Amino acid sequence: MGMSISLKKDTAKTNINHNNRKFNDKDKEQNSHIDFSRSGANQYLVQKSLKELYKTEFGQAQADYNAKQKRSDRKIKNYYDQVKASKKTSVQQEMILQVGDKDHFQDNPENRKLANDILKEWFDKFEERNPNLKVYNAVIHNDEASPHMHLNFVPVATGYQRGMDKQVSFDKAITQQDKTLNKERPFEDWRNREVLLLENMLKERGIERELVGTNEFKDVNDFKEKKEQIQELDTKIVDLEKKYTAEREKLQKGVQGLVKAVESSKSVEGIEGEKAGVFDRKNVKLPVEDFDNMKTLAMASEALKMQNTRLQRELDATLREKQELQKENAGLKKENSRLEKLNQIQKRAITYLKDMSHLIKKNSEKFLGVSKEDMTNFVGKVRAAALLHEYKNGAREEM
């Protein structure tokens, strides 16, 4: 029997209430894929407050930074709120792990227990392997088609010269705790090492890892994640278009209001002035109704001027954000195209590998009479060599 391994990052869709099954009746209706009769079998390994973790990890660093600031406007009031408002950094990270797929677990409680044991064993020393990744929530779900783990943590890095000495940064956190990681693609390298641990745990139980999906080559590890990011960016751009249209309509309504105010105001050409002297005119005499109209018009004009300035700033900011998103989206689509090509190479390599393995096994058993143990070792080496050869040749052709 073989089992697959999946470890992916899904931070954009984090929902701690969902992970911890804190549902109301409406939530339950919207999650029909969950078998709530089995929710009691879920394993809640860690349940801490994210905000409290921020106070513990960054409270002293925030206090030290603020003590050095002479201007109060440069002090950080709440580091958690600051990170949450940032578009460059996530307040936390979520990893989803799964061993095997739904076909392994249908009416098979033994495989469910095996998957739980492996996920629990992997998690037990996670923080020992990753001291810079501070876990605040971890749960194994057993009430869905396949057992899987949601792991939520905050990556903590130190040694910053600007801002607080300690800050949130995933890449810097993992490269600080492990200097041997690939500096160009630290996350992919880190994930491959964690997947290898899971693979070894399967082997210890006499189970080979099945090569399915996109976990084998680091160049396609982010395939699904990139596609989801592109979809989210496309949605965000549409939302910005709607916001731009709404702001433009508000501005047009303001202009129309000013026009109506002008039209409703009487002409000022007939206003008479009271003369205090031959050349001096200090006062004007006009009906109260005309004065009120002019007063209203002046106030409306000033208010519209301020509103116009504010709307223009908002429109400029919205357009800049849209341009940045479109630029990022174009880059992701280009990367996605490359990843799709590499994914096709992987699929062809796996197909070739299976055919080669079957042919070698068939002929070796027939003509060489080798033992089953020797055959297993031999086939494994051929798999690795063939896969590497096909990947290198295919990658050069596609790229």
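FYI, it's all coordinate maths here, none of it is from the lab. Fair warning: this is a prediction, and the values are worked out from it, not measured in the lab. FYI the Cβ positions are ideal-geometry reconstructions off the backbone, even for glycines, and counts take in every protein chain you see.
See the values below:
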{"read-out": "Close Lys-Lys pairs in the range 116-201, where close means Cα under 19 Å and separation is 8 or more or interchain", "value": "7"}
{"read-out": "For the range 47-168: relative contact order, % (alpha-carbon pairs under 8 angstrom, 6 or more apart)", "value": "29 percent"}
{"read-out": "Net charge of Cβ neighbours under 13 Å - reference Ser37; Lys, Arg +1; Asp, Glu -1", "value": "0"}
{"read-out": "Long-range tail of P(r) for the range 35-143 (Cα pairs > 17 Å, %)", "value": "67 percent"}
{"read-out": "Rel. contact order, % - alpha carbon contacts under 8 angstrom, at least six apart, the range 57-116", "value": "17 percent"}
{"read-out": "Table column - 3J(HN,Hα) (Hz), the range 142-156, Karplus curve with 6.51, -1.76, 1.60, x for Gly and Pro", "value": "10, 9, 10, 4, 10, x, 7, 10, 9, 10, 10, 8, 10, x, 10"}
{"read-out": "Leading residue at positive end of dipole, the range 39-114 (Cβ point charges), from Leu114, Gln93, Tyr79", "value": "Tyr79"}
{"read-out": "Mean-position separation - Cα centroids, the range 44-62 and the range 79-127, in angstrom", "value": "19 Å"}
{"read-out": "Rg over Rh [alpha-carbon atoms, Kirkwood Rh] for the range 4-51", "value": "0.98"}
